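**Q** Supplied in structure tokens, the structure appears directly below.
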Amino acid sequence: MASTNNEIEYEFLPFIRVYKNGHIERLMGTDSIPAGTDPQTGVSSKDVTNIVPETEVYVRIFLPNLSNKSKKIPILFYIHGGGFVLSTPSFPIYHNYLNTLVAESQVIAVSVHYRRPPEHPLPVAYEDSWAALQWVISHSKGDGPEEWLNDYADFGRIFLSGESAGANIVHNLAITIGNSELDLGLNVNILGVALVHPYFWGSDPIGSEAVDLDRKASVDRLWPFVCPSNPDNDDPRANPLAEGGPGLRGLGCRRVLVCVAEKDILKDRGWLYFQALGRSGWMGVVEIHETEEEDHAFHLHDLQCEKAKELISRMAAFFNRDMPPMLH
């Protein structure tokens, strides 16, 4: 019996191992750091559960040390990466990143823990993130269940951001928000979206994907693993430019910042997204920031390096810039 329990059904190294008895072993991204007050930045954080009833979905909220406690500040709705399958808001690299970003940007951040594949295949992560966003927006009249959002959040300045798979989820939320045919129950507008090293993919290689075949093969496996109900890498949720998808024209925000890293195999997809959005007919402002000589999610692992500081400063400027009137 013991040998059956230890028999591997599937593994996606170096991330996850699935055993035939149903046990899931996550090989990284499992460390946790408690919420509290960060001594370096003065940012306070706390966890709020019961966001989506009867699930383990929760949010960790980050509040900067405010000199003027009566002033409302922008909201950053943040979704962590980890290939859809790893990490939580309490994982140290994401917790520390948000402490740093919140202190620099003077925003109130809401970091989402969504249910993850393979136990909960896509689209569950999209659905959980959407439910968490609706929970945040339920505070827009100042009478929601969470006092920090009631007291400090400016619902005229909502931003969505994520890293890697989290950026993919953010894009798909923005597509859903922009679909005017849906009654979404949202009574506020999303001002901006910041996609950091976004996971977008496709069946046909572009740019450097055709050169680094080992890395490409690894990325090729991700979508079929997390979305077995539609394992096609040209699913429009994975490939926003796929034929037959919703396209980018209806993206439900006014500003987009795409951040890419020179050595990241996902870089060319980020550039393609930036270029396609600019010519799609979408009536917003899109910009791109490329970090030279760095790879995927480099900043999360060394927040004090100069290029990480530069990226975080660019994000802070994006969250705090005044927006011109909507184009017509």
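The values are calculated or read from the model by the stated rules, or taken from the named source; none is laboratory data. For clarity, every value in this text was computed on a predicted model and none was experimentally measured. Cβ: placed from backbone, ideal geometry, glycine included. Neighbour counts: every protein chain shown. In case anyone asks, the SASA skips ligands and DNA or RNA and just uses the protein heavy atoms, side chains included. Shrake-Rupley method; radii C 1.70, N 1.55, O 1.52, S 1.80 Å.
**Q** Name the residue that is farthest from Pro117 (Cα to Cα), counting only residues in segment 239-260 that are surrounded by fewer than 17 Cβ atoms within 10 Å (Cβ to Cβ) and either in contact (Cβ under 8 Å) with a residue 60 or more places away in the chain or touching an Asp or Glu at 6+ places or on another chain (Cβ under 8 Å) (or both).
**A** Here the residue is Glu243.
**Q** Please work out which one of (1) in a helix (DSSP H, G or I); (2) closer than 30 Å to Leu66 by Cβ is the condition Ser208 fails and give its number.
**A** Tallying (1) in a helix (DSSP H, G or I); (2) closer than 30 Å to Leu66 by Cβ, Ser208 fails exactly one: (2).
**Q** Picking from Gly36, Gly22, Gly29, Gly42, which residue would you name as being more than 21 Å from Trp148 (Cα to Cα) and either open to solvent by less than 30 Å² (accessible area, probe 1.4 Å) or modelled with pLDDT of 95 or more (or both)?
**A** Going through Gly36, Gly22, Gly29, Gly42 in turn, just one is more than 21 Å from Trp148 (Cα to Cα) and either open to solvent by less than 30 Å² (accessible area, probe 1.4 Å) or modelled with pLDDT of 95 or more (or both): Gly29.
**Q** Scanning segment 77-130 for residues that are among the β-branched types (Val, Ile, Thr) and assigned to a loop (DSSP other than H, G, I, E, B), which turns out farthest from Val48 (Cα to Cα)?
**A** That would be Val85.
For (1) closer than 20 Å to Ile312 by Cβ; (2) at pLDDT below 95; (3) surrounded by 24 or more Cβ atoms within 10 Å (Cβ to Cβ), each residue gets a yes or a no:
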{"site": "Asn150", "(1), (2), (3)": "no, no, no"}
{"site": "Phe159", "(1), (2), (3)": "yes, no, yes"}
{"site": "Glu163", "(1), (2), (3)": "yes, no, yes"}
{"site": "Gly166", "(1), (2), (3)": "yes, no, yes"}
{"site": "Ile177", "(1), (2), (3)": "no, yes, no"}
{"site": "Ser180", "(1), (2), (3)": "no, yes, no"}
{"site": "Leu186", "(1), (2), (3)": "no, yes, no"}
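**Q** Could you count how many residues in segment 67-76 are assigned to a loop (DSSP other than H, G, I, E, B) and at pLDDT 95 or above?
**A** 1
**Q** Scan segment 108-118 and give yes if some residue there is under 26 Å from Gln304 (Cα atoms) and surrounded by fewer than 20 Cβ atoms within 10 Å (Cβ to Cβ), otherwise no.
**A** No, that holds for no residue.
**Q** Asn96 - would you say it is surrounded by fewer than 20 Cβ atoms within 10 Å (Cβ to Cβ), without any contact (Cβ under 8 Å) to a residue 40 or more places away in the chain and not aromatic (Phe, Trp, Tyr)?
**A** no
**Q** Could you look through segment 207-238, keep only residues that are over 19 Å from the mean Cα position of the chain (by Cα) and of a type in the set (Lys, Arg), and pick out the one that is surrounded by the fewest Cβ atoms within 10 Å (Cβ to Cβ)?
**A** Arg221
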